[in-house]
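I have placed the structure first, in the form of structure tokens, so that the comments after it can refer back to it.
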Amino acid sequence: MRVLLVEDEPTLAAQLRQVLLDAGYAVDQADNGRDAWVQGGVQAYDAVVLDLGLPVLDGLSVLKRWRSEGMSAPVLILTARDQWHEKVAGIDAGADDYLTKPFHTEELLARVRALIRRAQGLASPTLACGPLVLDTRSGRVTLSGHPVNLTSHEYKVLAYLMHRPGAVVSRAELTEHIYAQDFDRDSNTIEVFVGRLRKKLPAELIETVRGLGYRLVAP
Ligand code: CA
């Protein structure tokens, strides 16, 4: 899952980046509104964390521009304490949720997880496909109740597929949503991860749709 983090305060930005990376997200960053606006327009994100108080272009204007341009990624806004009108204006401008500073990073992660789920129409934090269950809170995967040990990249590929039940996901899409920007984005490595997943899970669970990509199917 790819997240755009927009925060101009360097210490907080660095802290949130690390928290998101540790949680397994690919993270892109912007520290002013103009860069955020451009970045959000050219890259598909699974979620955006947007501070409203930003230099060059304020966060509310960025959000309004995105929404008027059809950018549909879920957006969590960060608002200053006691600025209740910012929350109202932000939600009216197209924000999906808000957090008031200061906040606990666990709460940020929980809200980001929920936004990503709900964007795919998934209400429960536990995703299931037949005997395969993935808990988005703990990052644990079980098969018929037995734990499955996955590397972080295997987990990221599986989690992305499980967030899109029944959909065909291309290798390019997986690559785009899983790797950091500076990573060598060779889509062949996705094939390697899928191959490893098939050895750890029932092989028929991840179907190859020739020329299009992969689809998760309940056996
Ligand atoms: Ca700020």
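The table for this structure:
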| quantity | calculated |
| --- | --- |
| Hz values of 3J(HN,Hα) by residue in region 209-216 - Karplus curve (6.51, -1.76, 1.60), Gly and Pro given as x | 9, 3, x, 10, x, 10, 9, 8 |
| Longest DSSP-loop-exposure-free segment, trypsin sites (Lys or Arg not before Pro), the chain, at most 16 other Cβ within 10 Å | 1-80 |
| Fraction of accessible area attributable to carbon and sulfur, the chain (%, probe 1.4 Å) | 51 |
| Assigned charges on the beta-carbon of Lys, Arg, Asp, Glu; the chain dipole about Cα centre (debye) | 880 |
| Under Karplus coefficients 6.51, -1.76 and 1.60, residue-wise ³J(HN,Hα) of region 41-47 in Hz, glycine/proline x | x, 9, 10, 7, 10, 7, 6 |
| Once exposed loop chymotrypsin sites (Phe, Trp or Tyr not before Pro) are cut out (DSSP; at most 15 other Cβ, 10 Å), longest piece of the chain | 1-102 |
| Beta bridge orientation in region 56-156: antiparallel %, DSSP, nearest 5 | 70 |
| Net length gained if the chain between residue 9 and residue 100 were fully extended (0.36 nm per residue, minus Cα distance) | 31.3 nm |
| Probe 1.4 Å - accessible area at residue 151, Å² to nearest ten | 60 |
| Cα→Cβ-extended label distance, 7 Å offset, between residue 196 and residue 61, nm | 4.5 |
| Cα gyration tensor shape of region 2-119, rounded if a/c is under 1.5, else prolate or oblate by comparing a/b with b/c | rounded |
| Point-charge dipole on Cβ atoms (K/R +1, D/E -1) for region 2-119, about Cα centre, debye to 20 | 340 |
| Amide H within-cut-off set for residue 97, under 5 Å, with H built and near neighbours excluded | 75, 77 |
| Lysines with Cα under 21 Å of residue 200, excluding same-chain neighbours fewer than 8 positions away | 156 |
| Dipole of the chain, positive direction: furthest Cα of 72, 27, 120, with charges on the beta-carbon | 120 |
| Per residue accessible area in Å² of the chain, where ligands, DNA and RNA are left out and the probe is 1.4 Å | 48 |
| Net dipole in debye of region 89-149 [+1 Lys, Arg Cβ; -1 Asp, Glu Cβ; about Cα centre; nearest 20] | 160 |
| Alpha-carbon centroid distance for the pair region 141-157 / region 1-79, whole angstrom | 29 |
| Estimated 222 nm signal from helices in the chain, with DSSP H stretches of n ≥ 4 weighted -39500 (n - 2.57), rounded to 500 | -12500 deg cm²/dmol |
| Estimated FRET transfer efficiency (residue 217, residue 34; beta-carbon r; R0 41 Å; 0.05) | 0.40 |
| Theoretical FRET efficiency, 1/(1+(r/R0)^6), r = Cβ-Cβ of residue 85 and residue 107, R0 22 Å, to 0.05 | 0.50 |
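The values are calculated or read from the model by the stated rules, or taken from the named source; none is laboratory data. Here the structure is a predicted model, which means the values were calculated and not measured. Virtual Cβ from ideal backbone geometry, glycine too; neighbours counted across all protein chains shown. Side chains are part of the model used for accessible areas, which takes the heavy atoms of the whole protein and leaves out ligands, DNA and RNA. Shrake-Rupley method; radii C 1.70, N 1.55, O 1.52, S 1.80 Å.
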